[in-house]
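Written out below as C-alpha coordinates is the structure these notes cover.
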Amino acid sequence: MTPPRAPGRAFTPPPAPSKLRETIGMLAVTFAFALAVVLADANWPRLLEAPAILSEFVVLMTQGVLQNPLEDPTSGYWTRSLELMIESLHIAWIGTLIGAILSFPLGFLAARNVAPPGVVVVVRQILNAIRAIPEIIFAIAIMLPIFGLGPLAGALAIGVNSVGTLGKLTSEAIESIDTGPVESARASGASRWQVIRYAMVPQVMPEVVAYWLYRFEINIRASAILGVLGAGGIGSILSALFNIRAWDRIGVTLAVIIIVTLIIDAISGSIRHRIIHGATPRGSRKRRALTPEPPPV
(Lines give C-alpha, C1' and ligand atoms only; values in the text may rest on other atoms or scores of the structure.)
Protein backbone atom coordinates (compact mmCIF):
# COMPACT_ATOMS: atom_id res chain seq x y z
CA MET A 1 0.00 0.00 0.00
CA THR A 2 1.43 3.40 -1.02
CA PRO A 3 1.99 5.69 2.01
CA PRO A 4 0.13 9.03 1.88
CA ARG A 5 2.08 12.01 0.64
CA ALA A 6 2.74 14.91 2.89
CA PRO A 7 0.52 17.89 2.06
CA GLY A 8 2.14 20.54 -0.10
CA ARG A 9 4.99 18.28 -1.20
CA ALA A 10 5.36 17.18 -4.85
CA PHE A 11 5.90 13.50 -5.63
CA THR A 12 9.29 12.75 -7.22
CA PRO A 13 9.56 9.43 -9.10
CA PRO A 14 12.57 7.22 -8.40
CA PRO A 15 15.47 7.51 -10.82
CA ALA A 16 15.45 5.13 -13.80
CA PRO A 17 17.86 2.20 -13.49
CA SER A 18 21.10 2.60 -15.35
CA LYS A 19 21.46 0.71 -18.62
CA LEU A 20 25.20 1.27 -18.88
CA ARG A 21 26.09 -2.37 -18.15
CA GLU A 22 23.65 -3.73 -20.76
CA THR A 23 24.84 -1.20 -23.33
CA ILE A 24 28.49 -2.08 -22.76
CA GLY A 25 27.66 -5.78 -23.05
CA MET A 26 25.82 -5.32 -26.35
CA LEU A 27 28.66 -3.23 -27.75
CA ALA A 28 31.20 -5.87 -26.69
CA VAL A 29 29.19 -8.65 -28.38
CA THR A 30 28.80 -6.56 -31.54
CA PHE A 31 32.52 -5.82 -31.62
CA ALA A 32 33.39 -9.51 -31.13
CA PHE A 33 31.05 -10.52 -33.94
CA ALA A 34 32.48 -7.88 -36.31
CA LEU A 35 36.03 -8.97 -35.42
CA ALA A 36 35.14 -12.61 -36.12
CA VAL A 37 33.72 -11.65 -39.53
CA VAL A 38 36.92 -9.80 -40.43
CA LEU A 39 39.27 -12.53 -39.17
CA ALA A 40 37.33 -15.30 -40.90
CA ASP A 41 39.06 -14.38 -44.17
CA ALA A 42 36.05 -15.57 -46.16
CA ASN A 43 35.14 -14.59 -49.69
CA TRP A 44 31.99 -12.74 -48.65
CA PRO A 45 31.14 -11.43 -52.17
CA ARG A 46 30.53 -15.07 -53.15
CA LEU A 47 27.42 -14.97 -50.97
CA LEU A 48 25.77 -12.82 -53.63
CA GLU A 49 26.31 -15.63 -56.14
CA ALA A 50 25.03 -18.35 -53.80
CA PRO A 51 21.30 -18.07 -54.74
CA ALA A 52 22.08 -18.41 -58.48
CA ILE A 53 24.43 -21.37 -57.92
CA LEU A 54 21.97 -23.10 -55.60
CA SER A 55 19.08 -22.62 -58.02
CA GLU A 56 21.20 -24.10 -60.83
CA PHE A 57 21.93 -27.22 -58.80
CA VAL A 58 18.28 -27.51 -57.78
CA VAL A 59 17.21 -27.36 -61.44
CA LEU A 60 19.72 -30.05 -62.40
CA MET A 61 18.60 -32.35 -59.60
CA THR A 62 14.92 -31.70 -60.27
CA GLN A 63 15.34 -32.76 -63.88
CA GLY A 64 16.34 -36.23 -62.73
CA VAL A 65 13.39 -36.46 -60.36
CA LEU A 66 10.85 -35.34 -62.97
CA GLN A 67 12.05 -37.70 -65.71
CA ASN A 68 9.74 -40.54 -66.66
CA PRO A 69 11.03 -43.63 -64.83
CA LEU A 70 9.82 -45.86 -67.67
CA GLU A 71 11.74 -43.96 -70.37
CA ASP A 72 14.71 -42.68 -68.38
CA PRO A 73 17.86 -44.81 -68.82
CA THR A 74 18.75 -44.06 -65.19
CA SER A 75 15.42 -45.36 -63.90
CA GLY A 76 17.25 -48.13 -62.08
CA TYR A 77 18.55 -45.52 -59.64
CA TRP A 78 15.09 -45.23 -58.09
CA THR A 79 15.14 -48.92 -57.26
CA ARG A 80 18.80 -48.91 -56.27
CA SER A 81 18.37 -45.83 -54.07
CA LEU A 82 15.35 -47.35 -52.36
CA GLU A 83 17.24 -50.60 -51.69
CA LEU A 84 20.18 -48.74 -50.16
CA MET A 85 17.84 -46.53 -48.13
CA ILE A 86 16.22 -49.63 -46.68
CA GLU A 87 19.72 -50.86 -45.84
CA SER A 88 20.34 -47.57 -44.04
CA LEU A 89 17.13 -48.12 -42.08
CA HIS A 90 18.37 -51.59 -41.10
CA ILE A 91 21.69 -50.10 -39.95
CA ALA A 92 19.91 -47.43 -37.91
CA TRP A 93 17.46 -49.95 -36.41
CA ILE A 94 20.15 -52.43 -35.37
CA GLY A 95 22.27 -49.61 -33.97
CA THR A 96 19.30 -48.32 -31.99
CA LEU A 97 18.60 -51.81 -30.61
CA ILE A 98 22.22 -52.14 -29.51
CA GLY A 99 22.13 -48.74 -27.86
CA ALA A 100 18.79 -49.43 -26.14
CA ILE A 101 19.82 -52.84 -24.76
CA LEU A 102 23.16 -51.62 -23.40
CA SER A 103 21.99 -48.21 -22.16
CA PHE A 104 19.00 -49.45 -20.14
CA PRO A 105 20.98 -51.14 -17.33
CA LEU A 106 23.64 -48.44 -17.49
CA GLY A 107 20.93 -45.84 -16.94
CA PHE A 108 20.02 -47.48 -13.62
CA LEU A 109 23.67 -47.62 -12.61
CA ALA A 110 24.00 -43.90 -13.41
CA ALA A 111 20.89 -42.88 -11.41
CA ARG A 112 21.57 -41.40 -7.98
CA ASN A 113 18.40 -42.87 -6.47
CA VAL A 114 19.36 -46.42 -7.46
CA ALA A 115 23.14 -47.01 -7.46
CA PRO A 116 25.81 -46.09 -4.88
CA PRO A 117 27.62 -42.74 -5.40
CA GLY A 118 30.89 -44.38 -6.48
CA VAL A 119 29.17 -46.45 -9.17
CA VAL A 120 27.19 -43.43 -10.35
CA VAL A 121 30.34 -41.36 -10.85
CA VAL A 122 32.17 -44.08 -12.78
CA VAL A 123 29.23 -44.98 -15.04
CA ARG A 124 28.44 -41.32 -15.77
CA GLN A 125 32.02 -40.65 -16.80
CA ILE A 126 31.90 -43.66 -19.13
CA LEU A 127 28.67 -42.36 -20.70
CA ASN A 128 30.18 -38.88 -21.03
CA ALA A 129 33.25 -40.30 -22.80
CA ILE A 130 31.10 -42.29 -25.23
CA ARG A 131 28.86 -39.31 -25.91
CA ALA A 132 31.83 -37.04 -26.58
CA ILE A 133 33.16 -39.21 -29.44
CA PRO A 134 31.20 -38.96 -32.72
CA GLU A 135 30.04 -42.15 -34.38
CA ILE A 136 32.21 -41.39 -37.39
CA ILE A 137 35.29 -41.71 -35.15
CA PHE A 138 34.04 -45.05 -33.82
CA ALA A 139 33.56 -46.22 -37.40
CA ILE A 140 36.97 -45.08 -38.70
CA ALA A 141 39.13 -45.95 -35.70
CA ILE A 142 37.52 -49.15 -34.40
CA MET A 143 34.74 -50.72 -36.43
CA LEU A 144 36.06 -50.49 -39.99
CA PRO A 145 39.53 -51.93 -39.16
CA ILE A 146 37.89 -54.85 -37.31
CA PHE A 147 34.81 -55.64 -39.40
CA GLY A 148 35.84 -54.10 -42.73
CA LEU A 149 33.66 -52.16 -45.14
CA GLY A 150 29.98 -52.92 -44.87
CA PRO A 151 26.80 -52.24 -42.92
CA LEU A 152 27.92 -54.21 -39.83
CA ALA A 153 30.61 -51.64 -39.01
CA GLY A 154 28.14 -48.80 -39.39
CA ALA A 155 25.51 -50.47 -37.20
CA LEU A 156 28.02 -51.16 -34.42
CA ALA A 157 29.42 -47.62 -34.55
CA ILE A 158 25.92 -46.14 -34.30
CA GLY A 159 25.01 -48.57 -31.51
CA VAL A 160 28.02 -47.73 -29.36
CA ASN A 161 27.50 -44.00 -29.85
CA SER A 162 23.80 -44.33 -28.95
CA VAL A 163 24.69 -45.84 -25.57
CA GLY A 164 26.07 -42.54 -24.27
CA THR A 165 23.02 -40.45 -25.09
CA LEU A 166 20.37 -43.04 -24.22
CA GLY A 167 22.11 -43.93 -20.96
CA LYS A 168 22.14 -40.30 -19.84
CA LEU A 169 18.48 -39.75 -20.76
CA THR A 170 17.47 -43.00 -19.05
CA SER A 171 19.24 -42.03 -15.81
CA GLU A 172 17.54 -38.63 -15.80
CA ALA A 173 14.15 -40.27 -16.33
CA ILE A 174 14.81 -42.64 -13.42
CA GLU A 175 15.84 -39.81 -11.11
CA SER A 176 12.63 -37.88 -11.85
CA ILE A 177 10.17 -40.71 -11.05
CA ASP A 178 7.43 -40.43 -8.45
CA THR A 179 8.79 -41.66 -5.11
CA GLY A 180 5.36 -42.74 -3.84
CA PRO A 181 5.27 -46.19 -5.50
CA VAL A 182 8.90 -46.77 -4.49
CA GLU A 183 8.22 -46.02 -0.82
CA SER A 184 5.07 -48.17 -0.89
CA ALA A 185 7.00 -51.11 -2.35
CA ARG A 186 9.72 -50.78 0.28
CA ALA A 187 7.16 -50.50 3.07
CA SER A 188 5.52 -53.73 1.92
CA GLY A 189 8.83 -55.58 2.28
CA ALA A 190 9.88 -55.72 -1.38
CA SER A 191 13.52 -56.41 -2.15
CA ARG A 192 15.76 -53.99 -4.02
CA TRP A 193 15.23 -55.77 -7.33
CA GLN A 194 11.48 -55.95 -6.80
CA VAL A 195 11.37 -52.22 -6.14
CA ILE A 196 13.19 -51.58 -9.41
CA ARG A 197 11.06 -54.06 -11.35
CA TYR A 198 7.59 -53.12 -10.09
CA ALA A 199 7.95 -49.50 -8.87
CA MET A 200 10.56 -47.90 -11.14
CA VAL A 201 10.52 -49.67 -14.50
CA PRO A 202 6.78 -49.13 -15.19
CA GLN A 203 7.19 -45.41 -14.56
CA VAL A 204 10.19 -44.86 -16.82
CA MET A 205 9.40 -47.20 -19.70
CA PRO A 206 7.05 -44.88 -21.66
CA GLU A 207 9.57 -42.04 -21.56
CA VAL A 208 12.53 -44.32 -22.28
CA VAL A 209 10.83 -45.94 -25.28
CA ALA A 210 10.07 -42.47 -26.63
CA TYR A 211 13.79 -41.70 -26.31
CA TRP A 212 14.62 -44.87 -28.24
CA LEU A 213 12.32 -43.89 -31.10
CA TYR A 214 13.75 -40.37 -31.21
CA ARG A 215 17.26 -41.80 -31.30
CA PHE A 216 16.22 -44.05 -34.18
CA GLU A 217 15.32 -40.96 -36.20
CA ILE A 218 18.76 -39.48 -35.48
CA ASN A 219 20.49 -42.74 -36.39
CA ILE A 220 18.83 -42.78 -39.82
CA ARG A 221 20.66 -39.59 -40.70
CA ALA A 222 23.87 -40.87 -39.10
CA SER A 223 23.74 -44.06 -41.19
CA ALA A 224 23.61 -41.98 -44.38
CA ILE A 225 26.75 -40.13 -43.30
CA LEU A 226 28.61 -43.31 -42.40
CA GLY A 227 27.78 -44.72 -45.82
CA VAL A 228 30.15 -42.17 -47.34
CA LEU A 229 32.98 -43.96 -45.47
CA GLY A 230 31.99 -47.32 -46.89
CA ALA A 231 29.82 -48.44 -43.99
CA GLY A 232 26.92 -49.34 -46.27
CA GLY A 233 23.61 -47.67 -46.86
CA ILE A 234 22.48 -44.79 -49.03
CA GLY A 235 25.59 -42.73 -48.31
CA SER A 236 27.80 -45.01 -50.42
CA ILE A 237 25.96 -44.35 -53.69
CA LEU A 238 25.53 -40.67 -52.83
CA SER A 239 29.27 -40.24 -52.38
CA ALA A 240 29.98 -41.95 -55.72
CA LEU A 241 27.46 -39.73 -57.51
CA PHE A 242 28.95 -36.55 -56.07
CA ASN A 243 32.39 -37.60 -57.30
CA ILE A 244 31.17 -37.80 -60.90
CA ARG A 245 28.80 -34.80 -60.57
CA ALA A 246 25.75 -36.80 -61.76
CA TRP A 247 23.24 -34.22 -60.56
CA ASP A 248 20.16 -35.90 -62.04
CA ARG A 249 20.92 -39.13 -60.19
CA ILE A 250 21.82 -37.17 -57.06
CA GLY A 251 18.36 -35.61 -57.21
CA VAL A 252 16.75 -39.06 -57.37
CA THR A 253 18.80 -40.26 -54.39
CA LEU A 254 18.03 -37.17 -52.30
CA ALA A 255 14.34 -37.47 -53.16
CA VAL A 256 14.31 -41.05 -51.84
CA ILE A 257 16.13 -39.98 -48.67
CA ILE A 258 13.74 -37.09 -48.01
CA ILE A 259 10.56 -39.08 -48.71
CA VAL A 260 11.55 -42.09 -46.58
CA THR A 261 12.83 -39.88 -43.74
CA LEU A 262 9.59 -37.87 -43.64
CA ILE A 263 7.53 -41.08 -43.53
CA ILE A 264 9.65 -42.53 -40.72
CA ASP A 265 9.49 -39.26 -38.75
CA ALA A 266 5.69 -39.14 -39.05
CA ILE A 267 5.27 -42.76 -37.93
CA SER A 268 7.77 -42.39 -35.08
CA GLY A 269 6.17 -39.15 -33.90
CA SER A 270 2.75 -40.77 -33.83
CA ILE A 271 4.06 -43.74 -31.84
CA ARG A 272 5.86 -41.46 -29.37
CA HIS A 273 2.69 -39.42 -28.84
CA ARG A 274 0.66 -42.58 -28.24
CA ILE A 275 3.21 -43.93 -25.74
CA ILE A 276 3.51 -40.70 -23.74
CA HIS A 277 -0.06 -39.37 -23.90
CA GLY A 278 -1.99 -42.58 -24.53
CA ALA A 279 -4.45 -43.44 -27.25
CA THR A 280 -7.22 -41.01 -28.11
CA PRO A 281 -10.62 -42.72 -27.68
CA ARG A 282 -12.40 -43.32 -30.96
CA GLY A 283 -14.87 -40.55 -31.73
CA SER A 284 -13.70 -38.32 -28.87
CA ARG A 285 -12.46 -35.63 -31.24
CA LYS A 286 -15.77 -35.65 -33.05
CA ARG A 287 -17.69 -35.42 -29.78
CA ARG A 288 -15.51 -32.52 -28.63
CA ALA A 289 -16.18 -30.74 -31.91
CA LEU A 290 -19.97 -31.21 -31.58
CA THR A 291 -20.14 -30.25 -27.90
CA PRO A 292 -20.97 -26.53 -27.58
CA GLU A 293 -18.71 -24.37 -25.51
CA PRO A 294 -20.14 -23.29 -22.14
CA PRO A 295 -21.25 -19.68 -21.96
CA PRO A 296 -18.81 -17.30 -20.33
CA VAL A 297 -19.47 -16.57 -16.69
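The values are calculated or read from the model by the stated rules, or taken from the named source; none is laboratory data. Predicted model, so just to flag it, every value in this text is computed and none were measured. A quick note on method: Cβ atoms are made from the backbone with ideal geometry, for glycine too, and the neighbour counts reach across all protein chains shown. These area figures cover heavy atoms from the full protein model, side chains too; ligands, DNA and RNA do not enter into them. Shrake-Rupley method; radii C 1.70, N 1.55, O 1.52, S 1.80 Å.
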query = What list of ³J(HN,Hα) values in whole Hz, one per residue of region 91-104 in order, does the Karplus curve 6.51 cos²θ - 1.76 cosθ + 1.60 (θ = phi - 60°) give from phi, with Gly and Pro shown as x?
reply = 4, 5, 5, 5, x, 5, 4, 4, x, 5, 5, 7, 7, 5
ask   = Where nothing but the Cβ of Lys and Arg (+1) and of Asp and Glu (-1) is charged, how large is the charge dipole of region 52-171 around its Cα centre, in debye to the nearest 20?
value = 840
Size of charge dipole - the chain - debye, nearest 20, with Cβ of Lys, Arg +1 and Asp, Glu -1, no other charges = 1320
inquiry  = Please return the longest range in the chain lying between exposed loop sites, taking trypsin sites (Lys or Arg not before Pro), DSSP loop only, at most 10 other beta-carbon atoms within 10 Å, and leaving the sites out.
reply    = 20-244
request  = Post the alpha-carbon centroid distance, region 91-131 to region 40-59, in whole angstrom.
outcome  = 44
inquiry  = Rolling a 1.4 Å sphere over the protein heavy atoms, what is the accessible area per residue of the chain, to the nearest Å²?
reply    = 65
key: Cα→Cβ-extended label distance, 7 Å offset, between LEU262 and LEU149, nm   = 3.3
message = Leaving out ligands, DNA and RNA, and with a 1.4 Å probe, what % of the accessible surface on the chain is carbon or sulfur?
response = 68
query = Which Cα, out of SER81, LEU106, GLY159, lies furthest along the positive dipole direction of the chain (beta carbon charges, K/R +1, D/E -1)?
reply = LEU106
Cubic angstrom per residue, convex hull over Cα atoms of the chain = 380
ask   = Got a sec? Charge dipole of the chain, +1 on Cβ for Lys and Arg, -1 for Asp and Glu; which of PHE31, GLY148, ALA210 is way out at the positive end?
value = ALA210
task = Within region 53-157, report the GluC sites (Glu not before Pro) that DSSP leaves as loop and that have at most 14 other Cβ atoms within 10 Å.
result = GLU71
